[in-house]
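Undergrad: Encoded as structure tokens, here's the structure I'll be asking about.
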Amino acid sequence: MSSTSETIQHPDGRVELRPEALEEISHSPLYNEDLAPVPVSRRNWTTYNYAALWISMAHCIPTYMLSSGLISAGMNWWQALVTILLGNTIVLIPILLNSHPGTKYGIPFPVFARASYGTLGSNVPALMRAIVACGWFGIQAWIGGEALNTFFRAIIPGWQTLLGGPIGGHTTTEWLSFLLFWGINIYIIYRGMDLLRKVENWAAPFVLIMTALLLAWALWKANGLGYLLNQQGKFHTFREFWPIFIPSLTGMIGFWATLSLNMPDFTRFGKSQRDQVVGQVVALPTTMTVFAAMGVMITSAAVVIYPHMKPEELWDPLKVVGQFQSVVVIAISMFTVVVATLAVNIAANVVSPANDFANAFPKWISFRTGGLITGIIGILMQPWRLLADPSGYIFAWLVGYSGGLGSIAGVLIADYWLVRKKRLALGDLYRQEGAYTYNGGWNWRAVVATLIGCGLAWIGLIVPAMRPLYDYAWFVGFGAAFITHLLLMKASSR
């Protein structure tokens, strides 16, 4: 059966396999139900679903604390917010470019990667993306566990010592709260993507309203914005500002460089290209900037309300809320943090690696099993140690891995938009012998392009004279991999 006769092309551009073709590929070792192309009848995500997804993912503690890292590096409040807005606007471009095949063909990220990397080679970008997600899953799970612990401490007398003394520097009840939050994440994944969509839909407005209420209370209590907004940054010339601006911008791009690869995991459920594009454009840059601005203003007010707090504590909303006297206020605030962290953790850090691990062994690992593997690796990466240095885990890590993920994005975008011109043989993405078999399932051109991108992005860590390349890690990785893959694919087609 030819690739054109085995698919149905709908008037809106979306493509699906005919029943007989779907039946044939269902016996392939590269196929399972979780990786299968979504039928058009089940693509029901609307503009609101995508906007809600981004709003709920952006409303998390690391977003709240983004501006703190920039301000502590010497920026003033508006320079920090402009950097955040610009970074998220830039990363929106690869996000939208890689979202297109998800909606058109109904395929998840690791299956989309088979077109450029090969049916087996796709495990390189999938597992690179998965390991980063496991680290983020652990970090967010620990933050959610801290919020749960504060919640229980407010409503249960003697909670801190209820189960005995500390183990490994943390109380037994802290570990229990962490594992409880971890378990809630796994439960929702076991219930499937439809429950995830419902969680994101109500979490987005709930978190936004509660944060706005906290902001209003803080400004009322502090009689205004406090001293922080009037503080001058330490950069007075463009030459002074530029060396800190570039790595900071790269870090902002790195924050969502993960989702710039695996948005097909979500857009494959889209009702139309317009739905997913409008939902993402409206929600991502605005929400990230507004939520970071809320963080600046709440912190500014907290300086006045709680003058005894240490500067580093003022940027942590968990510690600010912990200063409240009202049990009800603490309980509601911590419940909000739990909802926010749960929403971002499942969407951003479980869906992708669950699919990625399933792609490596389709017949042995399902989406649910992949989610469980993600959760276990997230614990093994010891997030409580990663969180010991907030500036290190957000900025050094973000800039570093952005080079690797930028390289993958360069290959995917060059391949889909310029080499294949948006045309994929849908059935062959699931066949061991087909258009994407290349050499034993590997397209060495894509792998070489990725290695070159990663090498140039990371060489500054080893060679001090090339440190500027590392500061531009995402841009360097993306550009080098994009050009290399395009040239190699064009050369091999002659």
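Undergrad: So which trypsin sites (Lys or Arg not before Pro) in the stretch 393-449 pass both tests, a DSSP loop state and at most 14 other Cβ atoms within 10 Å of the Cβ?
TA: Details: sites: Arg420, Lys421, Lys422, Arg423, Arg431, Arg445; in loops: Arg420, Lys421, Lys422, Arg423, Arg431.
Of the trypsin sites (Lys or Arg not before Pro), the ones in loops of the stretch 393-449 whose Cβ has at most 14 other Cβ atoms within 10 Å are Lys421, Lys422, Arg423.
Undergrad: Can you list the aspartates and glutamates whose alpha carbon is less than 20 Å from that of Lys310, not counting same-chain residues fewer than 8 positions off?
TA: Glu146, Asp389
Undergrad: For the chain, what is the mean residue ellipticity at 222 nm derived from helices alone (per DSSP H run of n ≥ 4: -39500 (n - 2.57); sum divided by total residues; nearest 500 deg cm²/dmol)? Could you put the intermediate results ahead of the total?
TA: Numbers: 22 runs with 328 residues, N = 494.
Helix contribution divided over all residues of the chain: -21500 deg cm²/dmol.
Undergrad: Aspartates and glutamates near Lys490 by alpha-carbon distance under 14 Å, same-chain residues fewer than 8 away left out - which ones?
TA: Partners found: Asp415.
Undergrad: What do you get for the angle between helix 473-492 and the principal long axis of the chain? Use alpha-carbon atoms, 0 to 90 degrees, nearest ten.
TA: The angle comes out near 0 degrees.
Undergrad: Something else: Give the residue from Gly121, Ile143, Ala52 lying farthest towards the positive end of the charge dipole for the chain; charges sit on Cβ (+1 for Lys and Arg, -1 for Asp and Glu) and the dipole is referred to the Cα centre.
TA: Farthest along the dipole direction, towards plus: Gly121.
Undergrad: Then there is this: Choose one of Pro307, Phe112, Thr173: the residue whose Cα lies farthest towards the positive end of the charge dipole of the stretch 41-403 (beta-carbon charges +1 Lys, Arg; -1 Asp, Glu; about the Cα centre).
TA: Phe112
Undergrad: Based on C-alpha coordinates, I'd like the Rg and Dmax of the stretch 41-403, in Å.
TA: Spelled out, the Cα radius of gyration and Dmax of the stretch 41-403 are 20.2, 61 Å.
Undergrad: Still on this model: Would you work out the charge dipole size for the stretch 208-345 about its Cα centre, treating the Cβ of every Lys and Arg as +1 and the Cβ of every Asp and Glu as -1, and quote it to the nearest 20 debye?
TA: Working: 8 positive and 6 negative charges, 33 e Å.
The calculated dipole for the stretch 208-345 is roughly 160 debye.
Undergrad: Shifting gears a bit: Between Met466 and Lys234, how high is the FRET efficiency from 1/(1 + (r/R0)^6) when r is the Cβ-Cβ distance and R₀ = 30 Å? Nearest 0.05. Don't skip to the answer; put the middle values down first.
TA: Values: r = 27 Å, r/R0 = 0.89.
The calculated FRET efficiency here is 0.65.
Undergrad: By how many degrees, 0 to 90 and rounded to 10, does the Cα axis of helix 273-305 deviate from the longest principal axis of the chain?
TA: Between helix and principal axis, roughly 20 degrees.
Undergrad: List the aspartates and glutamates whose Cα sits under 14 Å from the Cα of Lys104, skipping any in the same chain fewer than 8 residues away.
TA: Answer for Lys104, where 14 Å is the Cα cut-off: Asp12, Glu16, Asp265, Asp275, listed by chain and number.
Undergrad: Counting other C-beta atoms within 10 Å, and keeping those with at most 13, which DSSP coil chymotrypsin sites (Phe, Trp or Tyr not before Pro) do you find in the stretch 227-316?
TA: On the way: sites: Tyr227, Phe235, Phe238, Phe241, Phe245, Phe255, Trp256, Phe266, Phe269, Phe291, Trp315; in loops: Tyr227, Phe235, Trp256, Phe269, Trp315.
Sparse-neighbourhood loop chymotrypsin sites (Phe, Trp or Tyr not before Pro): Tyr227.
Undergrad: Something else now. Just going by the charge dipole of the stretch 41-403, with Lys and Arg at +1 and Asp and Glu at -1 on Cβ, which of Ala154, Gly370, Ile61 is farthest out on the positive end?
TA: Gly370
Undergrad: Using a 10 angstrom Cβ neighbour count of at most 11 plus a DSSP loop assignment to flag exposed GluC sites (Glu not before Pro), which longest range of the chain is free of such sites?
TA: Working: sites that count: Glu33, Glu433.
After excluding every exposed loop site, the longest remaining stretch is 34-432.
Undergrad: Where the centroid of each part is defined by its Cα atoms, how far is the stretch 307-366 from the stretch 204-283 in Å?
TA: 16
Undergrad: For Trp202 and Gln382, compute 0.36 nm times the residue count separating them, minus their Cα-Cα distance, and round to one decimal in nm. Could you put the intermediate results ahead of the total?
TA: Values: separation 180, 0.36 × 180 = 64.80 nm, distance 3.06 nm.
That pair, Trp202 and Gln382, stretches by 61.7 nm at full extension.
Undergrad: Still on this structure, I have one more. Relative to the Cα centre, what is the charge dipole magnitude of the chain, using +1 at the beta carbon of each Lys and Arg, -1 at the beta carbon of each Asp and Glu, and rounding to the nearest 20 debye?
TA: Here the chain has a charge dipole of around 660 debye.
Undergrad: Once you charge only the Cβ atoms, +1 for Lys and Arg and -1 for Asp and Glu, what is the size of the charge dipole of the stretch 197-274 about its Cα centre, to the nearest 20 debye? Show your work: numbers first, answer last.
TA: Details: 8 positive and 3 negative charges, 52 e Å.
Dipole about the Cα centre, nearest 20: 240 debye.
Undergrad: Further question on the same structure: Using alpha carbons only, how many degrees (0 to 90, rounded to 10) separate the axis of helix 77-105 from the longest principal axis of the chain?
TA: Around 30 degrees separate the two axes.
Only the coordinates and a few stated rules stand behind these numbers; no lab work does. Bear in mind the structure is a predicted one, so any value in this text is a computation, not a measurement. Please note: Cβ atoms are built from the backbone with ideal geometry, for glycine as well, and neighbour counts cover all protein chains shown.
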